[in-house]
1. For ALA199, list long-range residues whose amide hydrogen, built 1.01 Å from N in the peptide plane, is under 5 Å from its own amide hydrogen.
2. Convert each backbone phi in segment 23-39 into a coupling constant with the Karplus relation 6.51 cos²θ - 1.76 cosθ + 1.60 (shift: θ = phi - 60°), then list the ³J(HN,Hα) values in order as whole Hz, x for Gly and Pro.
3. At 0.36 nm per residue, and after removing the present C-alpha to C-alpha distance, how many nm does the segment from HIS27 to ALA188 gain when stretched out fully?
4. How long, wide and thick is segment 1-149, going by the Cα atoms along their three principal axes, in whole angstroms, largest first?
5. Give me the three principal axis extents of segment 1-62 from the C-alpha atoms, as integers in angstrom, largest value leading.
6. Taking amide H positions as placed in the peptide plane 1.01 Å from N, state which residues far from ALA53 in sequence (5 or more) or on other chains have amide H under 5 Å from it.
7. Express as a percent, rounded to the nearest 5, the fraction of DSSP beta bridges in the chain (both residues included) that run antiparallel.
8. Show that you can apply the helix-only estimate: for the chain, add -39,500 (n - 2.57) for every DSSP H stretch of four or more residues, divide by all residues, and state [θ] at 222 nm to the nearest 500.
Amino acid sequence: MSAWSLPADRAAQLALAMGYPFPIPAHSYLFENGRALPWPDAVDYRDRLPVLAIGSNRSPEQLARKFDPARFDPGRGPQRIPVTCAWLEDHDVVFAAHVTGYGAIPANLRRVPGMRVRLAVTWLDPTQLEAMHRTETTGGNYRYVRLDGIRLALEQPGPGGIRSLDSVTAYVSPFGFMAHEGQPLGLAALEAEGRPHPAATVAEALDHVRRRARDERSLEDFICGAIGDEALRRRLTLLIRETALPFAHPGVTILQG
């Protein structure tokens, strides 16, 4: 399910599920051992690969869970990840077609000509990339891919002073996008321009699923029930996929998963 442990407390579980994609800084930052530090005057990009963060991976709260220093070799020094805000043209971040082990419906990247969405790039070294793979591709819902032919404008200069990328790696789900009344749902937590379809919070998306499942419990009880019941999560995922919109992107090359 993930490389980190779920909280046992009900309130904390609900906060985790409904808090997705978690608090996101308004500006680029340097993630260092669980903290979001101001963008430094100089960044060492050697051996780092730009990986698109479409959902919670741009949040320092989520990065802190995934990159707990206790799981890394102390001799390597502090875990540092430059996180660069960026605008991606002709795309949106929408809800994927599965339920996570912690009770959320996570993000997926959808090509939407004519709009743009603000997300981030995490610059990962090889060890960090392998750690990220373990949290993203192990469950089978995401593939690690390369996206070519894109227009990604960085809000901070990258290696060599570059300000835009036409190729980047990312995690995407081939199972498509959750549909509500025949349309995808954008993540309301993310800034976007020209979005032609509705947006929703994760709580609203989960409530749509609860209603489709004809579950008469409160939303809170429904979420906690899903967190504690893997079979129920599988059934809900299948229910979402019955009407999911297909994933299609002309510039995708699968690298792993």
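1. Excluding prolines and chain starts, which carry no amide H, the hits are GLY186.
2. Here the 3J(HN,Hα) series is x, 10, x, 6, 9, 4, 8, 9, 7, 9, 6, x, 10, 9, 9, x, 4 Hz.
3. Value of the extension gain: 56.2 nm.
4. 42, 40, 28
5. Computed over the Cα atoms, the extents are 43, 23, 21 Å.
6. HN-HN under 5 Å from ALA53: ALA120, VAL121, THR122.
7. DSSP beta bridges in the chain are roughly 95 percent antiparallel.
8. Computed ellipticity for the chain at 222 nm equals -7000 deg cm²/dmol.
The values are calculated or read from the model by the stated rules, or taken from the named source; none is laboratory data. All figures in this text were calculated on a predicted structure; none of them were measured in a lab. These accessible areas exclude ligands, DNA and RNA; they are computed on the full protein's heavy atoms, side chains included. Shrake-Rupley method; radii C 1.70, N 1.55, O 1.52, S 1.80 Å.
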